[in-house]
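Working notes for the structure below.
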Amino acid sequence: MILRLAIGSLSARSLTVAMTVLAIALSVTLFLGVEKVRTGAKASFADTISGTDLIVGARSGSVQLLLYSVFRIGNATNNVTWESYQDIAARPEVAWIVPISLGDSHRQFRVMGTTVDFFERYKYRRGRALEVVDGALIADLFDTVIGADVATALGYKVGDPIVVAHGIASFSEHKDQPFRVSGILEKTGTPVDRTVLVSLEAIEAIHVDWQNGAQVPGQSTPADVIRQMELTPKAVTAALIGVESPLQTFALQRAINEYPDEPLLAVLPGVALQELWAIVGVAETALLGVSAMVVVTALIGMMATIFSSLNERRREMAIFRAMGARPTTIMGLLVLEAVLTAAVGALLGVLFLYLGLTIAQPVIDSAFGLWLPIEAPSMRELWVLLGVVAAGAIVSLVPAFRAYRLSLADGMTVRT
Amino acid sequence: MTADGPILFLNDVRFRWPGRVSFALSVPEFSVPPGETVLLLGESGSGKSTLLSLICGTVLAESGCVHITGADLSNLSGGQRDRFRAEQIGMIFQQFNLLPFGSVLDNVLLPLRFAPARRGRVSNGRAEAHDLCMALGLPDVLGNKASTLSVGQQQRVAVARAMIGRPPIIIADEPTSALDASSQSAFLDLLFAQVQAHGTTLLMVSHDPRLGERFDRVIAMDDIAQIERQAA
């Protein structure tokens, strides 16, 4: 009956209570949403590369190597010579190796030279392979396969010509050797979407007439001649390696790091991702902190609402007192009321979250390549909800204590 | 104190509102035997509300003793006095007696929530509440929200609430002042019928001496209590 009366009292003030519930619900939605995006981003970050055991590049930092080889952010400080690459490829621990050659670009997108193995070996989102949605893989020297974002941003179709620029954000183009779009990849949510993939030989081919980063004036070798040339690269930027057995990963890493002929670096993608996430994590914590503050603000709003309701409810408290309710009962009523408000707010917040996720999930996936799973609330989220209700009870103690004092002083009479 | 002694007994009581030096109430002696109906007459400001608060135990006297059904209130803790009030006293206010958002049934049963002994005397709360409402001439309103009732109906619901579980004392604080003359009379008829049917002691406070003829005894506030006022 007390619960029924508390609910009755709340519904008698339904407008202000609804506002409070809404504020709490929205703050809870925000908090859980940020949490969702955070874990989703972290997962999709970790999903960028899977199935690769080691990444090899010139010696620099592990995060830097990861950034330029997988995320195409920044540049390599140095290359790996073809001889070293061959040496590593020949090692018994190596099951497969895929070279990566970076340095050129097309419009705002990076061009990456690699072998056909890349399409087979590169995996994302827990083992998913790249799929060609339109056209076919690289067959000719001047064929290119483009990522989904490249295709949408530039409006390319299979068969369109592409001119690759030398370097990045550069105006000197490899006009003499245009490429042809042979295939378009499925959207992956990884940096591959923003990459123009060509064969390793093609990277050599477009640089035949180039020396020291500039085209030799007047020199332009026809494509037919280039096709006849020996196009083995002199160096690659990095390489992805799969080992025969996971147990050999560390031995191979050590061997590469101590490679005597050239300073090389091998990193485990997972470890490098962790390092990278630790750097990004500060912003993540800040975001979480801000949304937690929003929840606190909503709860303080509720406290203010309870406070302002106290005066108009002195009659109600006097009736309870006259019926024999103790001041602590009055206090309990107010806390109960706050707990109900906070609980309804929290539940509504969860409802809003799932509603929002259902609507926004496909949009976010296609726009940002970020997949936010719709699943039952995690233990952590349940604790957050419980925390909101508990915090609601705690902040309500302040007005509840005032009600206690008022009802003790007023007794059954209402002095206004 | 024996069962034959007064149900309500105040002796040499002095009271001062905390923080207010300008007002003090003293009651040398006041007693009511069981089953008596008493009208206490006094103008507003005569200390009526304070006296009722003393009797109900929401405030404690500075000195002297307040005995209700044989128990000395000053020996009880705050919580015990609240429980005691719930068990012994049915309270009717001037107006706004009911929780407007609650149903009539919830309002009538509310005191039982705080009074286990009274609850024990009511086997079926809904049936009891229904009978009381019928006896008080109320239509079938148990499920209605209290705020939908007229003032006269609300006052009768308040009587039902005061009577439920048969507390030994009913205290009514100007229960008729919000009613017009004809409703007043009808209301008092019903109240007296209930009180007499159960042998309940009734202490009613009013400023209206015309109500006096129904009561066993009419006392002026000035005769039992002195108020000291100091110029601020």
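The values are calculated or read from the model by the stated rules, or taken from the named source; none is laboratory data. Values in this document were obtained by computation on a predicted structure and should not be read as measured data. Here the Cβ positions follow ideal geometry from the backbone for every residue, glycine too, while neighbour counts run over all protein chains shown.
So B:V13 ticks every box in (1) away from chain A (no Cβ under 13 Å); (2) within 17 Å of B:I169 (Cα to Cα) but one. Which box is left unticked?
So B:V13 meets the others, but not (2).
Just to be sure, is A:A214 surrounded by 14 or more Cβ atoms within 10 Å (Cβ to Cβ) and small (G, A, S)?
no
If you take the residues of region B:116-150 that are touching a helix residue (DSSP H, G or I) at 6+ places or on another chain (Cβ under 6 Å) and basic (K, R), which of them is farthest from B:Q88 (Cα to Cα)?
In this case the residue turns out to be B:R119.
Out of all the residues in region B:88-103, which are out of contact with any strand residue (DSSP E or B) (no Cβ under 8 Å at 6 or more places or on another chain), more than 7 Å from chain A (Cβ to nearest Cβ) and of a type outside the set (S, T, N, Q)?
Hit for region B:88-103 is B:L98, nothing else.
Going by the structure shown, is B:R161 touching a residue at least 60 places away in the same chain (Cβ under 8 Å), of a type outside the set (V, I, T) and part of a helix (DSSP H, G or I)?
So B:R161 passes the test.
Quick one: what pairs do we get from region A:78-92, first residue hydroxyl-bearing (S, T, Y), second surrounded by 14 or more Cβ atoms within 10 Å (Cβ to Cβ) and assigned to a strand (DSSP E or B), C-beta under 7 Å, 6+ apart or different chains?
A:T81/A:A235; A:S84/A:L264; A:Y85/A:P99; A:Y85/A:V236; A:Y85/A:A239
Please state which one of A:S101, A:S170 is at pLDDT 90 or above and more than 24 Å from A:L370 (Cβ to Cβ).
Step by step, each of A:S101, A:S170 is checked, and only A:S101 is at pLDDT 90 or above and more than 24 Å from A:L370 (Cβ to Cβ).
With assigned to a helix (DSSP H, G or I), without any contact (Cβ under 8 Å) to a residue 40 or more places away in the chain and within 14 Å of chain B (Cβ to nearest Cβ) as the only criterion, which of A:A318, A:A409, A:A367, A:A390 stands out?
One residue alone meets the criteria, A:A409.
Restricting the first residue to region B:16-27 and requiring it to be over 14 Å from B:A61 (Cβ atoms), which pairs with a second residue that is modelled with pLDDT under 80 and of a type in the set (G, A, S) meet a Cβ separation below 8 Å and a spacing of at least six or different chains?
B:S22/B:A231; B:S22/B:A232
Residue-wise test of (1) among the aliphatic types (A, V, I, L, M); (2) assigned to a loop (DSSP other than H, G, I, E, B); (3) closer than 18 Å to A:D53 by Cβ; (4) in contact with a helix residue (DSSP H, G or I) (Cβ under 9 Å, 6 or more places away or on another chain).
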site	(1), (2), (3), (4)
A:S220	no, yes, no, no
A:R227	no, no, no, yes
A:A239	yes, no, yes, yes
A:G242	no, no, yes, yes
A:T249	no, no, yes, no
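Taking only region A:130-164 into account, find how many residues are in contact with a Pro (Cβ under 8 Å, 6 or more places away or on another chain) and surrounded by fewer than 17 Cβ atoms within 10 Å (Cβ to Cβ).
Matching residues across region A:130-164 total 2.
Just wondering, is there one or more residues in region A:22-38 that are modelled with pLDDT of 85 or more and out of contact with any helix residue (DSSP H, G or I) (no Cβ under 9 Å at 6 or more places or on another chain)?
No - not one qualifying residue is present in region A:22-38.
Do we have any residue at all in region B:59-71 that's exposed (fewer than 15 other Cβ atoms within 10 Å of the Cβ) and part of a strand (DSSP E or B)?
yes
Does any residue in region A:232-259 that is farther than 14 Å from A:G57 by Cα come within less than 7 Å, Cβ to Cβ, of a residue that is part of a helix (DSSP H, G or I) and of a type in the set (G, A, S) six or more places away or on a different chain, and which pairs are these?
none
If we scan region B:10-19, do we find a residue that is in contact with a Phe, Trp or Tyr (Cβ under 8 Å, 6 or more places away or on another chain), surrounded by fewer than 22 Cβ atoms within 10 Å (Cβ to Cβ) and farther than 19 Å from B:L203 by Cα?
Yes: one or more hits.
I'm told A:S101 meets every condition in (1) under 26 Å from A:P260 (Cβ atoms); (2) surrounded by fewer than 20 Cβ atoms within 10 Å (Cβ to Cβ) except one. Can you identify the failing condition by its number?
Among (1) under 26 Å from A:P260 (Cβ atoms); (2) surrounded by fewer than 20 Cβ atoms within 10 Å (Cβ to Cβ), the lone unmet condition for A:S101 is (2).
Among (1) out of contact with any helix residue (DSSP H, G or I) (no Cβ under 8 Å at 6 or more places or on another chain); (2) at pLDDT below 85, where does A:I162 come up short?
With (1) out of contact with any helix residue (DSSP H, G or I) (no Cβ under 8 Å at 6 or more places or on another chain); (2) at pLDDT below 85 applied to A:I162, the lone miss is (2).
Counting only residues that are of a type in the set (D, E, K, R) and more than 30 Å from A:Q228 (Cα to Cα), how many does region A:115-161 have? Steps first, please.
So the first thing to find is which residues in region A:115-161 are of a type in the set (D, E, K, R), and the list is A:117, A:120-121, A:123, A:125-126, A:128, A:131, A:134, A:140, A:143, A:149, A:157, A:160.
Okay, now just the ones that are also more than 30 Å from A:Q228 (Cα to Cα), so A:123, A:125-126, A:128, A:131, A:149.
Within region A:115-161, residues that are of a type in the set (D, E, K, R) and more than 30 Å from A:Q228 (Cα to Cα) number 6.
Would you check which residues across region B:110-142 are outside any helix (DSSP H, G or I) and within 13 Å of chain A (Cβ to nearest Cβ) and list them?
Answer for region B:110-142, where residues must be outside any helix (DSSP H, G or I) and within 13 Å of chain A (Cβ to nearest Cβ): just B:A115.
Please pick out the residue among B:P175, B:P167 that is touching a residue at least 60 places away in the same chain (Cβ under 8 Å), in a loop (DSSP other than H, G, I, E, B) and closer than 24 Å to B:A71 by Cα.
B:P167
Within 24 Å of B:R217 (Cα to Cα) and crowded, with 16+ Cβ neighbours inside 10 Å: is that true of B:S31 in this structure?
No, not satisfied.
Taking the residues in region B:36-87 that are more than 22 Å from B:T200 (Cβ to Cβ) and β-branched (V, I, T) as candidates, determine which candidate is nearest to the other protein chains (Cβ to nearest Cβ).
Filtering first and then ranking leaves B:V59.
Pairs please, first residue from region A:60-73 and under 11 Å from A:T237 (Cβ atoms), second anywhere and β-branched (V, I, T) and not in a loop (DSSP other than H, G, I, E, B), Cβ atoms under 7 Å, 6+ apart in sequence or on different chains.
Sorted first by the residue in region A:60-73, then by its partner, the pairs are A:L65/A:I55; A:L65/A:V267; A:S69/A:I55; A:S69/A:I100; A:R72/A:T195.
Test each condition in (1) modelled with pLDDT of 90 or more; (2) surrounded by fewer than 18 Cβ atoms within 10 Å (Cβ to Cβ); (3) part of a helix (DSSP H, G or I) for A:Q253 and report the one that comes out false.
All conditions pass for A:Q253, except number (2).
Sort through A:A235, A:A202 and tell me the only one that's over 28 Å from A:V132 (Cβ atoms), at pLDDT 85 or above and not β-branched (V, I, T).
A:A235
Of everything in region B:179-210, what is under 23 Å from B:T50 (Cα atoms) and surrounded by 18 or more Cβ atoms within 10 Å (Cβ to Cβ)? Give them in sequence order.
Matches in region B:179-210: B:T200, B:T201, B:L202, B:L203, B:M204, B:V205, B:S206.
Would you confirm, using the coordinates I've provided, whether A:G345 is out of contact with any Phe, Trp or Tyr (no Cβ under 7 Å at 6 or more places or on another chain), in the same structural domain as A:V294 (by TED's automatic domain parsing) and small (G, A, S)?
So A:G345 passes the test.
Given A:V111, A:V145, which one is more than 30 Å from A:Q253 (Cα to Cα), in a strand (DSSP E or B) and not acidic (D, E)?
A:V145
Of (1) buried (at least 19 other Cβ atoms within 10 Å of the Cβ); (2) within 14 Å of A:L102 (Cα to Cα); (3) of a type outside the set (F, W, Y), A:G167 satisfies all except one. Which?
The failed condition is (1).
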